[in-house]
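Take a look at the structure below.
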Amino acid sequence: MMRARRPRASSNAIVDTEGHLLAIEVIAANTQDRDCAADLIKQALRTFPRLRKIFADGGYAGPKLAGQLAGQSLEIEIVKRTDKDGGFKIIRRRWVIERTFSWLRRNRRLMAHYEALAMTAVRYVKLAMISLMLRRLTRDRP
């Protein structure tokens, strides 16, 4: 789970280990991501009840999210980056969500926040992911 910034909105997403979208939420940019993460996780759990572990970046750390998810059969592992080495480093599990956001950004409509409603933005992201998955299913393989 990670966030992608837009000028007036922020996208929070949960993807599987292959980068396929499980749940997405678009919120106002002035709202803390961890404050809305519990609702997104609960939405993903309703659709995918077998979900047991979530890898999240450091922005989702804290007792508030843990308290909101108390009683859920779910483990949240915070994947933190280390600044001591410097330069570009691939961080375990974090590259999956980054790769998914880069796949989605290939769509011109998702390059900037054009929609007035968050619902519309979420639907365009879902359409982009459906398009991506259909292309992969229908392409010829040698």
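The numbers here are math on the coordinates, done by the rules we state, and not lab data. Given the structure is predicted, the values throughout are model-derived calculations rather than measurements. Every residue, glycine as well, gets a Cβ built from its backbone with ideal geometry; the counts of neighbours run over all protein chains shown.
The simple Förster model, with R0 at 22 Å and r as the Cβ-Cβ distance, assigns LYS64 and ARG93 a FRET efficiency of 0.50. Taking 0.36 nm per residue of separation and subtracting the current Cα-Cα distance, fully stretching the chain between ILE130 and ARG52 would add 25.6 nm. Fully extending the segment from THR138 to ALA29, taken as 0.36 nm per residue of separation minus the present Cα-Cα distance, adds 35.6 nm. If R0 equals 41 Å, the separation of the Cβ atoms of THR17 and THR120 corresponds to a calculated FRET efficiency of about 0.90. Near GLY58: Cβ cut-off under 9 Å, other residues only, Lys/Arg at +1 and Asp/Glu at -1. The net charge is +1. What net charge do the residues around LEU74 carry, taking every other residue with its C-beta under 10 Å from that of LEU74, with Lys and Arg at +1 and Asp and Glu at -1? So the surrounding residues net to +2. Where both bridge residues fall in the range 1-71, DSSP classifies roughly 100% of the beta bridges as antiparallel.
Please compute the Kirkwood hydrodynamic radius of the range 12-71 from all pairs of different C-alpha atoms, in Å with one decimal. One decimal place: 12.1 Å for the Kirkwood radius.
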